Every structure is written in structure tokens, then in C-alpha cells.
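The values are calculated or read from the model by the stated rules, or taken from the named source; none is laboratory data. Since this is a predicted model, take the numbers as computed values, not measurements. With ideal geometry, Cβ positions are generated from the backbone for all residues, glycine too; neighbour counts draw on all protein chains shown.
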């Protein structure tokens, strides 16, 4: 089961709203809009399902599934765009964001399907390499046994795509919550779940600006049998990231960035991750270690964070 970021998602103000929820991209998706835009909620779900029909590696007829199986597909604007962004994030994170970890997550662990626990040797031998994805004029092609998994960026991309759709409809109040990927179209308040106790929260964030983007990646929900066999794979070691149990990234109007950065940072060794986030200016971060230490930075330009009384040390 995918992790969940949101315990409560509140629209600030007195505007009457309506919220509906469906399962999309393998997780719960909730859309909250003003009552006068209620019909656009269903349109929003349809929009996300169209994106899913391209980016899914679970639906056999989806374009990414076909690319993994057939090794070449006709060029598609959405798939080309997300692969181009993935290659940029791969460079920006020094290789820690890599959509070709599908060779491990899809082929070996088979998360969400007939799950199994592979051997360390199998993981070590898994073929990775983002340069083996070729964007050509008329086709998208994979070399060798490369397998794409967009689970570390696809939901954020979907939220951005839907947000842009709502902008064309002059909808600027409400929220989109696709598991741990959230867009606050206006000012909102979000409670962040504790990775240690499901019924508790780490704290609450209150957005300072409109179009706040939030993404959380965690080791505590999506795993096979034991939590140590989670889905966040360090592409350099081809093993699970161990430094953090939860990573929340916050930015302005860019859920794709937040999703990718949360994924990448979750796989980094602690020293590498801290050096990386300290150098960033475009997003804020909230990192939680297995020792229950919270490490945060660069949040003040985006949100007010109220730490919940807890047994976690805030630094």
C-alpha cells in the first residue's frame, strides 16, 4: 500500500467546498473544490486517469508498460516530457534519482503485483542506466533490459498536470491530494503523518502562498513482508535507502520537482543528503531519521510548521 501524507487537509476560510475520493494511480486521490465547481471534480479524475494511461507500469495497455515490454513506442508528448524531466533530475541529484530502478522495483520485487524478495545478488546484477532511454524524433526506445518505473515522479507530475487544467478553467481554490503528493490551489493547512505511529502526526504546515506543492516519500507503507524491503532504491548501491524513514519536500507550484526530490533524497546516505539539501534554494525540506530526529530547512519562505509534541527531536 502506498504511504499517506495527509491526515487532515483543510481549506482555510469560509468557502463552501466539496471533496470526493477515487483510487487512481494505485492510491487514494482526493479533490476538493468549491461547490460551484463540483462538476470539475469528476473531470479532474478523468484527467488523472488519462495521465495514468500513459505513465503506468501496472496497466498492461499503458504506454510505459508497453515500452517496457516492447522496447520501443511512438513518441508521446507527456511521456517525452516526464522522461526529459527525469534526466534533468538525475543530473541534479548526482544520479540518485533514476527511473530505471524499475529493473529492481518492477522486475525483482514486483511491488503491487506478485511480490517477492530478491537476493542481494539479483539486485546487484539488475541493469540500470538512464542513458539507455532514447528520445528520438518519432520513437522512444529502451536499450537492453532497462525497465522504467515512474513511481518516484508520476504522481507529482499528475498533480501538476491537473493543476494546469484547473488553471484553464479559472479554478484557483481547492486542493488535490494524490497520496503523498498535494497541491494547495490556495492557502491551506496540512497535517503530516508520523512514520512511527499511524494515529499520530509530526506536525502541521500552514501555507504562506497559493499553489503550494508538497510531496512526502516514506519507507513505512510500501514494502514486501518487512519494512527493510521497501521501495526506495539507491541506484548507486542497488539497495534500499536507510538514512530516512520520511522525507517531505515543499516548493511553489512544482509537484513534479517535489516528488522527484523526495524520492532521490530518501535513497541518499545521510551525509550526502544533508550536503545536497543545504545547497538547495528552490524547496524546503523535512527529513525524519530512524532515530526519530527531524531535520528541517528552508521552510519559512513556503510554510509555517508547527511541530507536534512528540518523542522526536527537532533540529
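Tabulated values for the structure
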item: Number of positions in segment 20-46 that are more than 20 Å from the chain's Cα centre (by Cα), closer than 14 Å to residue 185 by Cα and assigned to a strand (DSSP E or B); result: 2
item: Residue in segment 206-216 that is assigned to a strand (DSSP E or B), more than 22 Å from residue 100 (Cα to Cα) and modelled with pLDDT under 95 present; result: yes
item: Some residue of segment 62-79 being surrounded by fewer than 20 Cβ atoms within 10 Å (Cβ to Cβ) and under 23 Å from residue 261 (Cα atoms); result: yes
item: So residue 247, is it at pLDDT below 90 and touching a helix residue (DSSP H, G or I) at 6+ places or on another chain (Cβ under 8 Å); result: no
item: Residue check for residue 82: touching a strand residue (DSSP E or B) at 6+ places or on another chain (Cβ under 6 Å), assigned to a helix (DSSP H, G or I) and surrounded by 16 or more Cβ atoms within 10 Å (Cβ to Cβ); result: no
item: Enumeration of residues in segment 254-312 that are under 21 Å from residue 196 (Cα atoms) and part of a loop (DSSP other than H, G, I, E, B); result: 268, 269, 289, 290, 291, 292, 308, 309, 310, 311, 312
item: Complete set of residues in segment 286-300 that are closer than 13 Å to residue 243 by Cβ and either free of Cβ contacts under 8 Å to residues at least 40 places away in the same chain or not assigned by TED's automatic domain parsing to the domain that holds residue 214 (or both); result: 291, 293, 295
item: Selection within segment 218-239 - within 9 Å of residue 266 (Cα to Cα) and at pLDDT below 90; result: 218, 219, 232, 233
